[in-house]
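Each value in this text was obtained by applying a stated rule to the coordinates, not by laboratory testing. Bear in mind the structure is a predicted one, so any value in this text is a computation, not a measurement. We place every Cβ from the backbone using ideal geometry, glycine too, and count neighbours over all the protein chains shown.
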């Protein structure tokens, strides 16, 4: 069985190497925008890939700053842009848009694994070749296939260079050749998970997985102060005026604090999902449309929304929990261990009693407590625990009906 994974490592660049990668990333972003302008100008007849490829070759030969982008990376930009339109035409995504300098992350593709020439030089360091940059050190945190004794069989198919608040990282694309995991018996090893905000993960067995605030009080105060000062300085900047160095420094502080919070989120999610995948063979979760849940409540001029500020705060909290990524991590970890991940329909899981399985009006008296209004039942307990039991029961029924088929979304 072929498995495709990504291994991310931090690069140790010199100042000149970092500047060269910045230039390549800006050239890749500008090339995307040029392709978008060319395609939209000729949209009625859709220029073929061969024509757009010829335009890229001419531009790299005649424009100095575009010539800094390696040929393979330029081809990767073209393929990615074309794939974005294919996804749009097939209804899987929205139309591609321009990539602004302020919002688009800096990234460069290395589509060919043979160009990397990865080697391990130390217990904690490795070396990789980056086109038009040279040999670069990176932190060795995971064994790559074929490079160390006992490493898994497979190969490196390519990489992507990405810049965030910590600097440049390299994400290796790995293709493993592994045997399928032995299916586990989930008859007595199953659990339902209810995702929430006050209680991030509530399991049907009564346990919960909580976390503290991603930033402590001092860091929250620093972030709020930096955001307020940035908003104040931006208010007095004239239209078209270049961003000042002081404002850029504030933006860097904000990005650093937000990146710190994101790293803590990822660390908690990986540890929590690993523990759940090790403990249970059948994991059931709700099939939530998170995109619709995060829609704004502003409305329009004719029909203005209500409780806009409260809905905005709720959206931020939902986005901060990253429910979708939690399920994505669970999906591959459970599968690697021979288990099943089941998505169950969300309607009714919070309002139905897990004892009598009847949804009586008024069951959910508060956000935290569930009291069954059925005169023959009267069960009461934690609302999240009740929803988790309903999810577990529905997932077990789906898995039993489907036999050993994997019912999951990736």
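Per-residue Cβ neighbour counts within 10 Å put 251, 51 in the sequence 51, 251, beginning with the fewest.
Classify the range 100-259 as rounded, prolate or oblate, taking a ≥ b ≥ c as the square roots of the eigenvalues of its Cα gyration tensor: rounded when a/c is under 1.5, otherwise prolate if a/b is larger than b/c and oblate if not. Taking the square roots of the gyration eigenvalues as a ≥ b ≥ c, the range 100-259 is oblate.
Let me know the shape class of the range 31-73, please: from the alpha-carbon gyration tensor, a ≥ b ≥ c as square roots of the eigenvalues, rounded when a/c is under 1.5, otherwise prolate if a/b is greater than b/c, or oblate. The shape class here is prolate. Take the Cβ atoms of residue 18 and residue 189, set R0 to 60 Å, and the FRET efficiency comes out at 0.80.
Taking the C-alpha atoms only, the angle from helix 15-41 to the longest principal axis of the chain is near 80 degrees. With each label modelled as a point 7 angstrom along the Cα→C-beta vector, the residue 142-residue 215 pair spans 2.8 nm. Counting only DSSP H runs of at least 4 residues, each contributing -39500 (n - 2.57), and dividing by the residue count of the chain, the helix-based mean residue ellipticity at 222 nm comes to -14000 deg cm²/dmol.
For the pair residue 8 and residue 355, a Förster radius of 41 Å applied to the C-beta separation gives a FRET efficiency near 0.35, rounded to the nearest 0.05. With R₀ fixed at 45 Å, the C-beta to C-beta distance from residue 244 to residue 117 puts the FRET efficiency at about 0.60.
The Cα center of the range 214-246 and the Cα center of the range 98-135 differ in position by 31 Å. Ordering 332, 236, 81 from the fewest to the most neighbouring beta carbons within 10 Å gives 236, 332, 81. With contacts taken as Cα pairs under 8 Å at a separation of at least 6 residues, the chain carries a relative contact order of 15 percent. The angle between the Cα long axis of helix 71-89 and the longest principal axis of the Cα atoms of the chain comes to about 40 degrees, rounded to the nearest 10.
Helix 323-336 axis versus longest C-alpha principal axis of the chain: approximately 90°, rounded to the nearest ten.
Summarising the label geometry, the points placed 7 Å from Cα in the beta-carbon direction at residue 64 and residue 198 lie 6.3 nm from one another.
Note on residue 164 and residue 46: their simple-model spin labels are 3.7 nm apart, each label 7 Å out from Cα toward Cβ. A prolate overall shape is assigned to the range 173-290, the ratio a/c of its alpha-carbon gyration tensor axes (a ≥ b ≥ c) being 1.5 or greater and a/b exceeding b/c.
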